[in-house]
C-alpha cells in the first residue's frame, strides 16, 4: 500500500520515542495498531462492496441479454405463426 521501508519505519519509531517517551510508547503503538486494523477492515469492506456491485452489474447485463434473446425468440415464433397463417390462407384460396 505505502512504500515505507524498514529505515523509514525505524526513523518514525525513534522520533516518536523521543517525543512521547518510553512510558507512553507501548500505549501509542497499541493504539496505532488498532487504527491500522480498523483501516484495513474498512478498506477490505469497501473492496468487497465494489466487488459485489461489479458482480451485480454483470448479472444485470446477463439478464438483460437473456431478455433480449427471449424477445427475439418471441418475435421469431410470432413471425412463423403469421407465415403459417398466410400459407394456410393462400392454400385455402387456391382450393
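No other residue among 16, 92 is loosely packed, with under 10 Cβ neighbours inside 10 Å and either part of a helix (DSSP H, G or I) or touching a helix residue (DSSP H, G or I) at 6+ places or on another chain (Cβ under 8 Å) (or both) apart from 92. When 22, 26 are checked against the criterion of being loosely packed, with under 10 Cβ neighbours inside 10 Å, modelled with pLDDT of 85 or more and part of a helix (DSSP H, G or I), 26 stands alone in meeting it.
Within 30 Å of residue 17 (Cα to Cα), at pLDDT 80 or above and surrounded by 10 or more Cβ atoms within 10 Å (Cβ to Cβ): does that describe residue 51? When the stated conditions are applied, residue 51 does not pass them.
Flag not set for residue 84, criterion: out of contact with any helix residue (DSSP H, G or I) (no Cβ under 8 Å at 6 or more places or on another chain), surrounded by 10 or more Cβ atoms within 10 Å (Cβ to Cβ) and modelled with pLDDT under 85. Taking residue 56, is it under 35 Å from the mean Cα position of the chain (by Cα), part of a helix (DSSP H, G or I), free of Cβ contacts under 8 Å to residues at least 24 places away in the same chain and farther than 30 Å from residue 12 by Cα? It is true that residue 56 is under 35 Å from the mean Cα position of the chain (by Cα), part of a helix (DSSP H, G or I), free of Cβ contacts under 8 Å to residues at least 24 places away in the same chain and farther than 30 Å from residue 12 by Cα.
The values are calculated or read from the model by the stated rules, or taken from the named source; none is laboratory data. Just so you know, these numbers come straight off a predicted model, no measurement behind them. With ideal geometry, Cβ positions are generated from the backbone for all residues, glycine too; neighbour counts draw on all protein chains shown.
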